[in-house]
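Peer 1: Can you keep this structure in mind? I'll have questions shortly.
Readers should treat all values here as calculations from the given coordinates under stated rules, not as data from a laboratory. A quick note: this is a predicted structure, and the numbers were derived from the prediction, not measured. No Cβ is skipped: glycine too gets one built from the backbone with ideal geometry, and neighbour counts run over all protein chains shown.
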Amino acid sequence: MTVNCRCSNPLIPLLFSVILTVVPLQARSQRTVWSLPDYNETVRTWSVAFGNAFARDTYLSASSYDGWALGFENDSWTGYRPYRLFKYGRFHSNLLFSPMKNRLGGGSTMELAGSEHAAFLWPAVKSSMCDLLIGPAILMDLGVLYNQQNSNNPVTLEGYLGTGFCVDNTFRFSLFRYDMALQATLYLPLAGIGFAPDYDQPYWYMYKYSEYGKAIHLIWPFNNIALTHQIALVLPIRGDRLRIGYTFDYTNNSLGGHKRSVGNNMFTLGYTIIFQTKEWGR
């Protein structure tokens with residue numbers, strides 16, 4: 001995506017939540033509120049998301065933007081065959097729209113962004129109180145930005161396709177005599193290919209002269225920092241199907257000759273459904 005956080009270090013608020021993601025906790029639970037799916041079973045949650053987005057772009061001059069955001073998220077867990085290398089599949093996708101303004105009168109911008117994450121996990125810890133899953137992931141991120149400051153390319157397209165890893169953790173605990181589950185998931189890309197044209201490189205020029213090489217870049221954590229982090233609470237309402245969560249997305253890169261970044265804080269409210277898939281031939 002295209003456009004940096006207004007605060008000096010946007011990752012500080014995530015420190016505690018990331019610790020929850022990677023460290024299994026011990027808690028007492030009288031029953032299983034949320035359990036991993038069995039073979040050929042998929043647990044899927046559809047959520048509506050609302051919150052805020054923030055951005056920073058260095059086109060012409062460094063400009064910061066922020067505004068409200070609205071979107072949808074889709075999360076699922078799928079059980080694989082017991083004897084396979086990976087026991088579970090973890091998938092996350094979202095679609096986000098956000099109009100943002102510069103507080104100092106530097107114009108406005110609109111963002112339409114989407115992502116698709118697929119992780120293949122095996123259990124590092126699996127018990128009645130905690131499920132800790134780790135494994136590789138494939139991540140795709142794509143954003144369309146309309147920026148009034150940019151006269152050459154008012155509509156810009158940027159994204160990446162990369163590989164990384166995923167950590168998914170579930171804690172089951174009791175609070176006020178109610179059994180609940182806390183889920184935390186972290187996606188982190190490590191290497192891949194990014195698409196980010198320079199601002200003085202119109203799309204029609206790239207198409208006419210087939211100069212796509214300047215817009216395609218190899219990405220790694222030194223030139224493209226990105227993460228997606230989720231925390232969700234599964235409540236004992238309607239068969240443990242209500243899921244209240246928080247999602248933080250952040251991308252910061254220096255591709256195409258300019259520094260830009262974008263992030264969002266989204267609160268989600270979702271409903272979970274369990275699917276049973278039949279094998280072919282049965």
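Peer 1: Provide K101, K259 in ascending order of the number of other Cβ atoms located within 10 Å of each residue's Cβ, fewest first.
Peer 2: In order of increasing Cβ crowding within 10 Å: K101, K259.
Peer 1: Using only Cα atoms, what is the ratio of the radius of gyration of the stretch 47-165 to 2.2 N^0.38 Å? All intermediate terms of the calculation are to be shown ahead of the outcome.
Peer 2: Numbers: Rg = 18.9 Å, N = 119, 2.2 N^0.38 = 13.5 Å.
Output field value: 1.39.
Peer 1: In whole Å, how far is the Cα centre of the stretch 112-149 from that of the stretch 228-259?
Peer 2: 9 Å
Peer 1: For Y271 and S254 in one chain, what is 0.36 nm times their gap in residues minus the Cα-Cα distance, to one decimal in nm?
Peer 2: Details: separation 17, 0.36 × 17 = 6.12 nm, distance 3.79 nm.
Result: 2.3 nm gained on full extension.
Peer 1: Rank-order 250-257, 268-275 by packing density, defined as the average count of other C-beta atoms within 10 Å over each peptide's residues, highest first. Working shown, then result.
Peer 2: Numbers: 250-257: 20.8, 268-275: 16.0.
The most tightly packed comes first, giving 250-257, 268-275.
Peer 1: Fully extended, how many nm does the chain gain between S35 and L190 (0.36 nm per residue separation, minus their Cα-Cα distance)?
Peer 2: Numbers: separation 155, 0.36 × 155 = 55.80 nm, distance 2.95 nm.
The S35-L190 span can extend by a further 52.9 nm.
Peer 1: Mind giving me the nanometre distance, one decimal, between the label points for L161 and L235, set 7 Å out from Cα along Cα→Cβ?
Peer 2: Placing both labels 7 Å along Cα→Cβ, they lie 4.0 nm apart.
Peer 1: Output the peptides 68-77, 127-136 sorted from most to least packed, where packing is the average of other Cβ atoms within 10 Å over each peptide's residues. If you can, show how the numbers build up before the last one.
Peer 2: Values: 68-77: 19.6, 127-136: 17.9.
Peptide ranking by packing, descending: 68-77, 127-136.
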